[in-house]
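Right, one structure below, let's go through it.
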Amino acid sequence: SVTGKPVIPPVWAFGPWISANEWDSQSKVMEQLEQIRKYDIPTSVIVLEAWSDEETFYVFNDAVYTSQEGDWVPKLSDFKFTGRWPDPKGMADAIHNDGMKLMLWQIPVLRSSVNGNEQLSRDKSYAIKKGYVIRNSDGSPYLMPQNTWFGNSLLVDFTNYDASQWFLNKRRYLLEEIGIDGFKTDGGEFVWGRNTTADNGLSGIALRNIYPDIYAQAYFDYSRKIVPDAITFSRAGGAAMQNHPICWIGDQRSTSEAFRDAILATQSASMSGIPFVAWDI
């Protein structure tokens, strides 16, 4: 009653999902589709993780394009697709024609670049200039701790509506033109320190606990405006996680102990008002 009743996912979300980090090219995805047909494997959703350039996280790997200013809103026609993903739209259509849905992996950061991506550099400069990132108490941009996942990256401030829309608009063509059905909103547990501050005035521990919900909710609400039955699929969350309705309990090993832990975590989430929970098998 305080944080919101659970949102009911669409019917298609209740079938078996498949995903693998190794599916890092269109040819591997098409091979999976062939195997699904050949062996009549029930499948409702394919989640692609290793699809992007691993820098901007909104451009398909190996796509050729001209770098633009930081306020750029990409369109499908801006890209020439080559290499590992020669026809993302055709791939999405093939997945849909086989009765499945397609989701793409995301992370809420402006990465500390490893390859010197020019578009990422422009996006980061623009975000800092506009105040679109989480800050330290002195107003300087907050950088995630160096020895953590995506260390030294900037963290998008989803409490700032303009920042949220700027970040998500760069992904609009994925929903609107390629036709994906939602996002795996990974991460979110990235706010450390008592002095981190957001645009809405939250700071420290309070910001850490609420950030993953604000992040995933922004993706969910944005996606639903374009694709009415779109969903998000999150690992981190807080007291409002049921409003962006599906979560999974985190990566685990293929052991009996990990399976037991997954059952316990699922029960715990359900008793906490988060009923739509999955785990890796």
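The values are calculated or read from the model by the stated rules, or taken from the named source; none is laboratory data. Here the structure is a predicted model, which means the values were calculated and not measured. FYI the Cβ positions are ideal-geometry reconstructions off the backbone, even for glycines, and counts take in every protein chain you see. Ligands, DNA and RNA are stripped out before the accessible areas are found, and what is left, the full protein with its side chains, is counted by its heavy atoms. Shrake-Rupley method; radii C 1.70, N 1.55, O 1.52, S 1.80 Å.
Structure summary
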| quantity | calculated |
| --- | --- |
| Set of lysines with alpha-carbon distance to K89 below 19 Å, sequence-local pairs under 8 removed | K28, K75, K80, K101, K170, K184 |
| Residues S125 and N147, FRET efficiency given R0 of 22 Å [Cβ-Cβ distance, rounded to 0.05] | 0.30 |
| Heavy-atom surface of region 177-250, accessible at 1.4 Å and reported per residue (Å²) | 33 Å² |
| Expected 222 nm ellipticity per residue - DSSP helices of 4 or more, -39500 (n - 2.57), all of the chain, to 500 | -10000 deg cm²/dmol |
| Global form of the chain, assessed from the alpha-carbon gyration tensor, a/c cut-off 1.5 | oblate |
| Rounded Å value of the spacing that divides the Cα centres of region 1-47 and region 212-253 | 15 Å |
| Where K184, K80 fall by accessible area, highest first, once all protein chains stay in place (1.4 Å) | K80, K184 |
| Per-peptide average of other Cβ atoms within 10 Å, ordering 65-75, 249-259 highest first | 65-75, 249-259 |
| Bridge type composition, region 130-281 - antiparallel percent by DSSP, nearest 5 | 40 percent |
| Per-residue ³J(HN,Hα) for region 6-20, Karplus 6.51 cos²θ - 1.76 cosθ + 1.60, θ = phi - 60°, Hz, x for Gly and Pro | x, 7, 7, x, x, 4, 5, 6, 8, x, x, 9, 10, 6, 7 |
| Potential lengthening between N115 and Q267 on full extension [0.36 nm per residue; Cα-Cα distance subtracted] | 50.5 nm |
| Amide H contacts of T196 (H built 1.01 Å from N, under 5 Å, at least 5 apart or other chain) | G204 |
| Under-5 Å amide H pairs with W248, H placed in peptide plane, nonlocal only | S234, R235, A278 |
| DSSP beta bridge pairing in the chain, given as percent antiparallel to the nearest 5 | 35 percent |
| Anisotropy class of region 122-259 from Cα gyration tensor, a/c 1.5 cut | oblate |
| Those aspartates and glutamates that a straight Cα-Cα span of less than 19 Å connects to K129, excepting residues fewer than 8 apart in one chain | E69, D71, E118, D138, D157, D162, D199 |
| DSSP bridge pairs, region 65-202: antiparallel proportion in percent, nearest 5 | 65 percent |
| For region 31-42, Karplus couplings with θ = phi - 60° (6.51, -1.76, 1.60), whole Hz, Gly/Pro x | 5, 4, 4, 4, 5, 4, 5, 4, 9, 6, 8, x |
| Magnitude of the charge dipole, the chain, Cβ model with Lys/Arg +1 and Asp/Glu -1, debye to 20 | 520 debye |
| Per-residue HN-Hα couplings for region 167-172 [Karplus 6.51, -1.76, 1.60; θ = phi - 60°; Hz; x = Gly/Pro] | 5, 6, 4, 5, 9, 4 |
| Portion, in percent, of the accessible area of region 109-185 that falls on carbon or sulfur, probe 1.4 Å | 41 percent |
| Local electrostatic count, S19, Cβ distance below 15 Å [Lys/Arg +1, Asp/Glu -1] | -4 |
